[in-house]
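Each remark here refers to the structure printed beneath this line.
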Amino acid sequence: MPDHTRGEIPVPRLINWLSVGALPVLVFFAYRAAGRGDTLVMATLATVGVMLMLNALVYLTLRHQTLHRRTFIVIIAALFIYVATAALEDGSAIIWLFAYPPIIFYISTPRVGVLTCAFGLTALVGLFSPLGDLLFNTPYSDSFRLMMINVLAFEMVSCYVLDLSRRRSKASLLTLAGEYEYAAKHDTMTGLTNRREGLIRLEGEYQRYLRNRQSFSVILLDIDLFKGVNDHYGHQTGDELIIKVADKLKEGCRRIDIVSRWGGEEFLAILPETGVEEAIRIAERIRQSIAAAPATYDGRIVRTTISAGVASIHGAESPSRLLQRADEALYTAKATGRNRVCSGEVPNQDTA
């Protein structure tokens, strides 16, 4: 599963873009340092550029995101420390520190962002302290130091708040997307997959059958005399009856089976790696469990039965032909008395 939502730049891609974008900047300032005869600065900036490119190449080879991200953080942290302590460009290069908080919060976890920013701010305070002056003898004025610390701290806090808001919004969108996806694939009343998703699953099982020739079967079942239930007891009772049959159907099927509400009072069960004999046994077990458990609604007993048609895939027949045979078997079950299971393998075979 991708670690980014649609429209969001993937972290590895962002890191590589930043690395490529930093390269001409590093080359430019390395060239300036070389012109001044400062070979140490030139060599340091050139080394950083090479390390960023090597990190990108290693990721493109290994695709190890954690190593890629952590190495990038270490490289840019080391670069910013050097820029600040060496006071490059007469001390003005330290303003590049403002690029660190938004990058670090975007590419890492909030915890890592807070810890690295806290470390960076503490290090900056130490650099601007009398001890820092003693060790590095930087040219920063007191007013600049005070402004730099306060503005950087404000930016770090702002980046944390904005990143936290971004992450919460992303989590809410993912949750909402998951709910919409579930609703698009499932029947609201019964919680079973709906007809559209059932057809998709059937096609997936059919493709698997074409690959490995492992047979599968389907059960098409229908609640008997359902219109009479609605007419005599009301649509609310009819809905509760549908839910009851759906629950019994889920109980009677295996975990690997796919159960869908096919439409109205009709249901479809897809049974992977199952021959017709086993499918008939499963359908019969479901039929018996439903018939043996009459429902009571508002003190009235409503007896429920189902009829079912079973068919197993053969040869190169299509899923639509398989469903047609199951539907024909269901029609036979209805026409020969209801409350029974019929097979689409041999016309008019009655197993009840």
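Can you pull out the residues in the range 199-255 that are of a type in the set (Lys, Arg) and more than 21 Å from residue 308 (Cα to Cα)?
From the range 199-255, those of a type in the set (Lys, Arg) are 201, 208, 211, 213, 227, 244, 248, 250, 254-255; that's our starting set.
208, 211, 213 - these are the residues of the range 199-255 that are of a type in the set (Lys, Arg) and more than 21 Å from residue 308 (Cα to Cα).
Quick one: which residue in 77, 56 is assigned by TED's automatic domain parsing to the domain that holds residue 24, hydrophobic (A, V, I, L, M, F, W, C), at pLDDT 95 or above and closer than 20 Å to residue 17 by Cα? Spell out the reasoning first.
Details: 77 fails: at pLDDT 95 or above.
Result: 56 is the single residue among 77, 56 that is assigned by TED's automatic domain parsing to the domain that holds residue 24, hydrophobic (A, V, I, L, M, F, W, C), at pLDDT 95 or above and closer than 20 Å to residue 17 by Cα.
For the range 162-197, which residues satisfy the criterion of being polar (S, T, N, Q) and within 25 Å of residue 267 (Cα to Cα)? Don't jump to the end; show me each part of the working.
If we filter the range 162-197 for residues that are polar (S, T, N, Q), which is where we start, we get 165, 169, 172, 175, 188, 190, 193-194.
If the condition is that a residue be polar (S, T, N, Q) and within 25 Å of residue 267 (Cα to Cα), then 188, 190, 193, 194 are the ones that fit.
Within the range 153-160, does at least one residue satisfy the condition of being touching a Lys or Arg at 6+ places or on another chain (Cβ under 9 Å) and acidic (Asp, Glu)?
So in the range 153-160, the residues touching a Lys or Arg at 6+ places or on another chain (Cβ under 9 Å) come out as none.
No, that holds for no residue.
Do we have residue 49 as in the same structural domain as residue 99 (by TED's automatic domain parsing) and at positive phi here?
Working: in the same structural domain as residue 99 (by TED's automatic domain parsing): yes; at positive phi: no.
No; evaluated as a whole, the condition is false for this residue.
The values are calculated or read from the model by the stated rules, or taken from the named source; none is laboratory data. Keep in mind it's a predicted model, so treat the numbers as computed, not measured. Methodologically, a virtual Cβ is constructed for each residue, glycine included, from the backbone with ideal geometry; neighbour enumeration extends over all protein chains shown.
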